[in-house]
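Here the structure is laid out as structure tokens; the discussion comes afterwards.
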Amino acid sequence: MRILFERCCGLDIHKVSIAACVVITRDGKTEEETRRFGMMTADLLELAAWLKARGIQHVAMESTGVYWKPVWNILEAEGFDLPLANAQEVKIVPGRKTDQKDSQWIADLHQHGLLRKSFVPPRQVRDLRDLTRTRATLAQDHSSICNRIQKVLEDANIKLASVATDALGASGRAMLEAILSGEQDSARLAELSKGLLRNKIPELKLALEGRVTEHHRFLLRQLYDHLLFTESKMEQIEEEIERRMRSFQDEVVRLCTIPGVDRVTAWGLLAEIGLNMDQFPSSAHLASWACLCPGNFESAGKRLSGKMRKGNVSLRRCLSQAAWAISMMKNNYLSALYRRIAARRGAKRAVMAVAHALLVIAFHMLKRKENYHELGADHFDRIDITRVRRSLVRRLERLGHRVTLEPLAQTV
């Protein structure tokens with residue numbers, strides 16, 4: 001096979017050690033040198049010096065958990081060319097599995113150009129990824145704490161969630177703080193309601209007439225303090241994201257014009273795919289990288305499975321949340337797309353289809369620097385008006401009606 005890189009190195013990375021294999025081809029002869037390094041910073045700097053001493057510029061590695069990141073950061077700062085390979089695509093022949101053989105296999109594949117580079121965004125975007133993913137984790141913790149508070153209230157027979165839409169809204173928190181301070185009178189608790197919830201004061205009096213013990217108050221105090229702490233951390237992280245997103249403000253505003261996309265979704269989208277769309281040949285390549293398209297599994301002319309791969313879980317999460325928000329909207333193209341597919345394939349497949357459409361729209365908006373153009377809720381009807389008219393007429397005729405169509409007079 002043709003050799004693309006006469007000098008290269010393969011790294012097999014683990015938690016505490018790295019197996020490195022240098023491959024050098026001279027006059028048609030290939031020489032290999034293997035060595036093991038630790039994962040401390042001094043060890044990684046020694047690895048960089050060892051590679052430079054042998055004239056190595058191309059260093060290939062596979063994505064092993066989070067352990068590849070410190071290696072990447074240090075070698076990237078030293079100026080090496082670093083292809084990152086998908087671990088699923090770098091599988092050595094079964095029965096010959098050792099760290100040294102893995103590094104030799106990676107080096108051999110890279111030497112002949114058989115490794116596909118994974119997308120690794122610039123350092124600024126990677127830092128944004130850490131922040132948006134941390135915020136998403138805190139949001140999940142926030143929901144979990146709210147559920148645990150509701151569980152304790154139900155144990156005390158406080159049926160606030162049966163009356164209030166948001167049991168931990170402004171009214172719910174005022175009542176919860178009063179319960180924590182020792183208030184037991186349901187009438188006084190109900191008077192703490194605000195806004196439209198005051199229309200349900202009689203129901204609130206019945207719902208708040210529970211049996212709250214000191215044990216319940218202790219648990220509620222711990223959970224409520226944890227809830228406030230989590231919310232304060234989320235606010236701090238959002239402020240930091242807002243500060244770092246100032247240079248991307250135009251892109252954030254542009255993405256927020258898409259129905260169902262708010263600033264949090266725009267943050268997550270930009271943090272996962274970056275701003276440079278030239279790194280993806282097309283929107284189809286981006287959708288394939290994010291695994292927001294059907295899988296390919298065909299043999300002997302039979303389509304065996306179209307199951308989607310995991311892909312970028314964080315990107316799929318934020319797009320799926322936006323798609324669920326779109327499913328509750330009306331009078332726009334994306335909501336029409338959701339209903340069109342949900343009627344035939346179900347809600348979950350429709351959500352993934354809308355998420356795919358959102359990603360494609362974002363790709364073209366960022367690449368062309370254009371604003372969102374709404375196609376309208378009747379877009380699919382306007383594609384073939386004659387077919388839609390014929391279909392509706394047939395449906396009315398099946399119901400026993402004789403249909404005569406007259407076009408409306410067009411006003412100038």
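Determine whether S299 is farther than 16 Å from D262 by Cα, loosely packed, with under 13 Cβ neighbours inside 10 Å and polar (S, T, N, Q). Considered against the rule, which asks whether it is farther than 16 Å from D262 by Cα, loosely packed, with under 13 Cβ neighbours inside 10 Å and polar (S, T, N, Q), S299 comes out as yes.
With respect to the conditions (1) open to solvent by 100 Å² or more (accessible area, probe 1.4 Å); (2) assigned to a loop (DSSP other than H, G, I, E, B), R387 falls short on a single one, namely (2).
Residues being open to solvent by 50 Å² or more (accessible area, probe 1.4 Å), more than 25 Å from H14 (Cα to Cα) and part of a helix (DSSP H, G or I) are entirely absent from region 93-103. Looking across I258, I201, I241, one residue alone is β-branched (V, I, T) and farther than 24 Å from L359 by Cβ. It is I201.
Considering region 361-384, and only residues there that are outside any loop (DSSP other than H, G, I, E, B) and in contact with a Ser or Thr (Cβ under 7 Å, 6 or more places away or on another chain), the residue that is most open to solvent (accessible area, probe 1.4 Å) turns out to be H364.
Confirm whether R221 is open to solvent by 70 Å² or more (accessible area, probe 1.4 Å), charged (D, E, K, R), over 30 Å from A362 (Cα atoms) and modelled with pLDDT of 95 or more.
Working: open to solvent by 70 Å² or more (accessible area, probe 1.4 Å): yes; charged (D, E, K, R): yes; over 30 Å from A362 (Cα atoms): yes; modelled with pLDDT of 95 or more: yes.
Yes; evaluated as a whole, the condition is true for this residue.
Among residues of region 101-114 that are on the phi > 0 side of the Ramachandran plot, those with a Cβ under 6 angstrom from a residue that is among the hydrophobic types (A, V, I, L, M, F, W, C), sequence gap 6+ or separate chain, pair up as G113/L4.
Name the pairs whose Cβ atoms lie under 6 Å apart, with the first residue in region 165-178 and farther than 18 Å from H226 by Cβ, the second modelled with pLDDT of 90 or more and of a type in the set (D, E, K, R), and 6 or more positions between them or separate chains? Close Cβ pairs satisfying both conditions: A170/K194; S171/K194. Screening P202 with (1) open to solvent by 20 Å² or more (accessible area, probe 1.4 Å); (2) touching a residue at least 24 places away in the same chain (Cβ under 8 Å) gives one miss only, at (2). Inspection of region 272-285 finds no residue satisfying the criterion of being surrounded by fewer than 22 Cβ atoms within 10 Å (Cβ to Cβ), of a type in the set (D, E, K, R) and either under 11 Å from the mean Cα position of the chain (by Cα) or more than 27 Å from K117 (Cβ to Cβ) (or both). Could you please give the count of residues in region 206-216 that are surrounded by fewer than 16 Cβ atoms within 10 Å (Cβ to Cβ) and either in contact with a Phe, Trp or Tyr (Cβ under 7 Å, 6 or more places away or on another chain) or of a type outside the set (V, I, T) (or both)? Number satisfying all stated conditions: 4.
The residues in region 169-185 that are surrounded by 16 or more Cβ atoms within 10 Å (Cβ to Cβ), over 35 Å from the mean Cα position of the chain (by Cα) and over 14 Å from L153 (Cα atoms) can be counted, and the count is 0.
Note on region 325-338: among residues that are surrounded by fewer than 20 Cβ atoms within 10 Å (Cβ to Cβ) and free of Cβ contacts under 8 Å to residues at least 40 places away in the same chain, the one that is nearest to H379 (Cα to Cα) is S327.
From the list A161, A139, pick out the single residue that is aliphatic (A, V, I, L, M), open to solvent by less than 60 Å² (accessible area, probe 1.4 Å) and without any contact (Cβ under 8 Å) to a residue 12 or more places away in the chain. Please lay out each step first, then the result.
On the way: A139 fails: without any contact (Cβ under 8 Å) to a residue 12 or more places away in the chain.
So the residue among A161, A139 that is aliphatic (A, V, I, L, M), open to solvent by less than 60 Å² (accessible area, probe 1.4 Å) and without any contact (Cβ under 8 Å) to a residue 12 or more places away in the chain is A161.
For region 335-363, the set of residues classified as more than 17 Å from F280 (Cβ to Cβ) and not aliphatic (A, V, I, L, M) consists of S335, Y338, R339, R340, R344, R345, G346, K348, R349, listed by residue number. Does V125 count as at pLDDT below 90, among the hydrophobic types (A, V, I, L, M, F, W, C) and crowded, with 16+ Cβ neighbours inside 10 Å? Here the answer is no, as V125 does not meet what is asked.
The values are calculated or read from the model by the stated rules, or taken from the named source; none is laboratory data. The model shown is predicted, which means the values in this text are computed figures rather than measured ones. Cβ: placed from backbone, ideal geometry, glycine included. Neighbour counts: every protein chain shown. Remember, those area values only see protein heavy atoms, side chains included, never the ligands or the DNA or RNA. Shrake-Rupley method; radii C 1.70, N 1.55, O 1.52, S 1.80 Å.
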